[in-house]
Amino acid sequence: MGLMHDGLLFLLFCLASSSRFRNRAGNGVFLQDPELEWERRATVMGEEKTEASVPKSKLWRSASADAASLPGAYKYEYLRVPYANDRKEDFKPQKGARPLSGWAKKILLGHTPTIPLAREAGDRHKLVEILCHVDRLYVRIKREVFKSRDAYKYLKLGTCPVNHANDKYYYLLYLLKNDCGFKKESNVDYLSISSVLSYKPTSVVLREMPFDIPLQCKFPRLFYAYKIGFHPKLQGGTIFKALQPKSSFILTPQDASGKDITGIQSYILGQLMFFQASGAVGTPSSGKERLYINKCFVTTSQDPNSHVKYTVIDNYGCMIDGKVTLQSKFLPANSKKVQKFSVGAFIFKNTASTTSQQHLYMHCEISMGPLSPTPTSKACNFNPATKKWVALYGKDCICACCDSTCSSGKHKGPKTIISSPSWKVDLSSMDEYVKGDSQMKSSGADTFSLEDPDLAEIKDFQNYWSLD
């Protein structure tokens, strides 16, 4: 009975975890295992490609066993030609002789072209992949592209939402008969089915750039077409500016190894940024106090009173942005007079389309407090696994007020707002054109460059700084 009870609980858990995508699927393809369906469909398309690549004739079938012994003149070779270039009138029988046209010479006397093989659907370097078949269009995108846990809500294929997911991919699996806004176009050489993979978040700040990726499946008419995409390379620069501390505290941007960044650093969306709050050189201290960050917020202006702002830390040391992304957290430091934290690079949505880059500033309220943390002098991170607040040092109970209001009645010491040097976030265009072919296994957006920062940087940062 115990095993049966555990089995039923596990089944209910699996059904609950997948229902959020199943309910959004509409008329899509319902599957228990989307990855298994993806691999099965890719295998079927590969077999169809292999069968179609060498047409069979009666002579070939009857003499297949002795084909290797046939003279070269009797071995069949096949050259596929676009339907539009097949000028049948040049081969119509007529009396006498006439010169062979140039296009016919090229086909009949030229060398058989080398046809590149379709790349495998399981290429690990692809972020976006598409499978085209006669009655369906499958798209999957790696979850590592996104930093927000609810990114699937804003991801659509045409008008159809994500309908399957696992720990690695979001899937959009739809039949062509589904009402997803598929656009059909008939050409001389192929039938085209096109759509758009779009990501348009509605949150106040952006952790990934909204994008629209055109998708196209081509179904050839009596020929094969292979095309190579053009992948642009993005380049940027860095401007350096000396830092001038103006208060008893300084807020300094750093790299993953704990070294100060002395110029205006350029980041891309989602890249880890590290900051250190510390006392300015020469600032006296009693040795019985610890530095605390009460709140931090980001603006597009040097003025901390700017109306456009996004709060990262609040409520006397609660890393509230950690409830949105794992990248935001307090980090250990090697001194009680230093506090470090990390944040993932983002931009403000309302100015994303007006400039190619955004300059942003971090403003923090800093104070000195007792060595033993209190509800108003603390550094608390959010643990998404347990959905609880955890103190960087001290007992976790001091973080209990992070979801409400931490009283300032017992908080002592002056508060100071300091600002960091500016940094910029590159908003280079990330549109990519993804094409598929009915005889190809997939067509990937290899240069779809929403770069995912290596989370190992945080571990390097922590290893560099040991907790005092």
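A compact table of results
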{"read-out": "Point-charge dipole on Cβ atoms (K/R +1, D/E -1) for segment 126-220, about Cα centre, debye to 20", "value": "260 debye"}
{"read-out": "Amide H partners (placed H, <5 Å) of residue 196, local residues excluded", "value": "158, 215"}
{"read-out": "Set 218/349; 153/378; 126/329; 337/388; 105/218; 126/378 screened for pairs whose C-alpha atoms are more than 31 Å apart", "value": "218/349; 153/378; 126/378"}
{"read-out": "Solvent exposure ordering (accessible area, 1.4 Å, most first) of 340, 288, 259", "value": "288, 259, 340"}
{"read-out": "9 Å beta-carbon shell around residue 276, net charge (K/R +1, D/E -1)", "value": "0"}
{"read-out": "Per-residue HN-Hα couplings for segment 357-372 [Karplus 6.51, -1.76, 1.60; θ = phi - 60°; Hz; x = Gly/Pro]", "value": "7, 10, 9, 10, 9, 9, 10, 10, 9, 10, 8, 9, x, x, 4, 8"}
{"read-out": "Packing rank of 274-281, 378-385, where each peptide gets the mean count of other beta carbons within 10 Å, highest leading", "value": "378-385, 274-281"}
{"read-out": "Nearest-0.05 FRET efficiency for residue 188 and residue 105, computed from C-beta distance (R0 30 Å)", "value": "0.85"}
{"read-out": "Cα-projected label distance for residue 311 with residue 40, points at 7 Å along beta-carbon direction, nm", "value": "5.0 nm"}
{"read-out": "Cut-off 19 Å (backbone N to label point 7 Å along Cα→Cβ of residue 239), residues of segment 293-314", "value": "299-303"}
{"read-out": "Selection from 386, 419, 265 lying farthest towards where the dipole of segment 249-426 points positive, charges on Cβ", "value": "386"}
{"read-out": "In Å², nearest 10: area of residue 142 left accessible to a 1.4 Å probe", "value": "10 Å²"}
{"read-out": "Relative contact order for segment 126-220, counting Cα pairs under 8 Å that sit 6 or more residues apart, in percent", "value": "25 percent"}
{"read-out": "Amide hydrogen neighbours beyond the local backbone of residue 393, cut-off 5 Å, H modeled", "value": "379"}
{"read-out": "Cα-projected label distance for residue 372 with residue 266, points at 7 Å along beta-carbon direction, nm", "value": "5.1 nm"}
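The values are calculated or read from the model by the stated rules, or taken from the named source; none is laboratory data. Source: prediction; values computed, not measured. Glycine also receives a Cβ, built like all others from the backbone with ideal geometry; neighbour counts cover every protein chain displayed. Accessible surface areas use protein heavy atoms only, side chains included; no ligands, DNA or RNA. Shrake-Rupley method; radii C 1.70, N 1.55, O 1.52, S 1.80 Å.
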